[in-house]
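Before any comments, here is the structure.
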Amino acid sequence: MKYNLLLIGLFLSVSSFAQQKKWTLIECVNYALENNMSIQQSELDLNLADIEKYQAIANFLPNLNANSSYNINTGANINPATNQFENATFRSASGGATSGINIFSGLQNWKNLQRAKINKLATTYQLEKMKDDISLFVANSFLQILANKERLKVLQDQNRITKENIKNTQELVDSGVLPQGDLLESKATDATQIQQIIQAENTLFISKLSLAQTLQLEDYANFDIVETDYGLVSSDILEKNPEEIIVKAKEVVNDLKIASSNLELAKKDLEIARTDFFPTLSGFLSYNARWSSSQSNPFTGEEINFADQLYLFDGTAIGLRLNIPIFNNFNVSNNIKRRKINISRLEFQAKQSELDLESTVYQAYNDAKNSRKSYEAALKVEEARQLAFNYAQERYEVGLSNAFDLSQSRVQLDNAQSDVIRTKYDYIFQLKVLDFYFGIPITNLN
């Protein structure tokens, strides 16, 4: 009984700990990189690229194949042992092995190996790009949850103040200092704030749900993140000019690497297509043996046993095979033309990717600068609205203002505080986007 109670207590403790776990940004990103289905699918593509590379290496090796057959022959058939027609019923068997090796084919195997290596590199870049995209999405979702948490906390704090004002207003109405309408206005403000809190809680839940689904978690209800106030991250990146960031981005962003590797693949495909113009030379070696139930010794008339027949009627062949392409309905030349067109198309795409990156970095740089200005402006508005609300509160408490004016001042303060939260986390995310283009880890929020 004590043992069972101990197990139950341990289970409940572990369950409670699991429910109370709060995820950090680094944990979220790392977990997403390990469990996200899109990343797992990209990893399967990388496994296929590995197989293609191993196959390209294996193509340098000679092949080896064995064959055998067993027949029951009736009527006129060629005896495989004597190669003579026999009009009789007999059984026969044959077997052999053949090995071949490619000696020359325009260096096609070598070029295929080079292509397989480039393809693996391109697939690796695609996987890394997928990881970058997921990391950015997780960081944005994480910051959105933090913003929603702050917004909910502000609304709850404001509602507590409103409830205290209702108590004070009730006392002033009971003493005849304020009219009943002020109390009703305060209660209406309280109801409106409760509605806003419910909406904020729903928004927070949806943002948690979105991140939990990205992480491929099933326990959506208990998912939560660490409520650390990160404040503002370093804005040193804005001290650099866009040209510096672009130079660094061209080194670290995978989009350009993917475009470049795809172009290299196309060029290698052209080289492989040209090898079809070259003659091919291959070598072969084969061994075979035969047996027939009707085979007998011409001197004694006795049937030759199975083992002796395999020894007497075996044979080997060794040789070279040369194939010279002369005319193939223009298949090779047209294939080469297609490869050249594909190269031109990918050259345009590579150039366009570079232009897109430059444009994106400039846009991200301007977005970050404007986000900072918006945040600084929101702080000033919040400060002014807070002073205005404090003044309206003082006037209301001494009977120089009514509840409606106080409520309007509070609404303006609520909007100002919401703008501060929104612009703050938008500014943080825009800075992280710039950091990403400069090669700084997404998870660094210090």
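Key figures for this structure:
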| read-out | value |
| --- | --- |
| Added length on full extension, which subtracts the Cα-Cα distance from 0.36 nm per residue, Leu387 to Tyr362 | 5.2 nm |
| For segment 81-147: span of alpha carbons on each principal axis (Å, largest first) | 95, 35, 14 |
| Ratio Rg/Rh [Cα only; Rh per Kirkwood] for segment 242-354 | 1.48 |
| Listed pairs Lys250/Lys380; Lys248/Lys340; Lys380/Lys432 exceeding 27 Å between Cα atoms | Lys250/Lys380; Lys248/Lys340 |
| Per-residue [θ]222 nm for the chain (sum of -39500 (n - 2.57) over DSSP H runs n ≥ 4, rounded to 500) | -24000 deg cm²/dmol |
| Hz values of 3J(HN,Hα) by residue in segment 53-59 - Karplus curve (6.51, -1.76, 1.60), Gly and Pro given as x | 5, 4, 5, 4, 5, 5, 5 |
| Potential extension, Asn67-Gln213 segment - 0.36 nm per residue separation minus Cα distance | 47.1 nm |
| Lys373 paired with Asp308, simple spin-label distance in nm, labels 7 Å along Cα-to-beta-carbon | 10.6 |
| Cα lying deepest toward the dipole's positive end in the chain, options Asn329, Leu61, Ala350, charges on Cβ | Asn329 |
| Å² of accessible area per residue within the chain, as computed with a 1.4 Å probe and no ligands counted | 59 |
| Amide hydrogen neighbours beyond the local backbone of Leu178, cut-off 5 Å, H modeled | Val173 |
| Most to least accessible of Phe278, Phe438 (protein chains only, probe 1.4 Å) | Phe278, Phe438 |
| Listed peptides 240-246, 147-153 by packing density, highest first (mean Cβ within 10 Å) | 147-153, 240-246 |
| Normalised contact order of the chain, rounded percent, pairs of Cα under 8 Å and 6 or more residues apart | 23 |
| DSSP-defined beta bridges in the chain - what % are antiparallel, rounded to 5 | 95 |
| Coordinate range along principal axes, alpha carbons of the chain, Å, largest first | 142, 72, 37 |
| Cα-based reach from Lys240 at 13 Å (exclusive), listing aspartates and glutamates while leaving out same-chain residues under 8 positions away | Asp435 |
| Bins of 5 Å from zero: percent of alpha-carbon pairs in segment 194-270 | 3, 11, 10, 10, 10, 10, 13, 13, 10, 6, 3, 1, 1, 0 |
| Computed lengthening from Asn331 to Gln55, 0.36 nm per intervening residue step minus Cα-Cα distance | 96.8 nm |
| Residue-level accessible surface for Arg321, protein heavy atoms, 1.4 Å, Å² | 130 |
| Anchor Lys149: lysines whose Cα lies under 19 Å away (excluding residues fewer than 8 positions away in-chain) | Lys21, Lys22, Lys208, Lys424 |
| Label point 7 Å beyond Cα of Ile194 along Cβ direction - residues of segment 152-182 with amide nitrogen under 13 Å | 159-160, 163 |
| Rounded percent of accessible protein surface that carbon and sulfur make up, segment 367-412, 1.4 Å probe | 50 |
| For segment 306-446: rounded, prolate or oblate by the Cα gyration tensor [a/c cutoff 1.5] | prolate |
| Anchor Lys120: lysines whose Cα lies under 20 Å away (excluding residues fewer than 8 positions away in-chain) | Lys53, Lys111, Lys129, Lys131, Lys257, Lys267, Lys268 |
| Cα-based convex hull, segment 120-231, per residue volume (Å³, whole number) | 116 |
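The values are calculated or read from the model by the stated rules, or taken from the named source; none is laboratory data. Here the structure is a predicted model, which is why all the values come from computation and not from measurement. For neighbour counting, all protein chains shown are included, and Cβ atoms are generated from backbone atoms with ideal geometry for every residue, glycine included. Please note that ligands, DNA and RNA were not included when accessible areas were found on the heavy atoms of the full protein model with its side chains. Shrake-Rupley method; radii C 1.70, N 1.55, O 1.52, S 1.80 Å.
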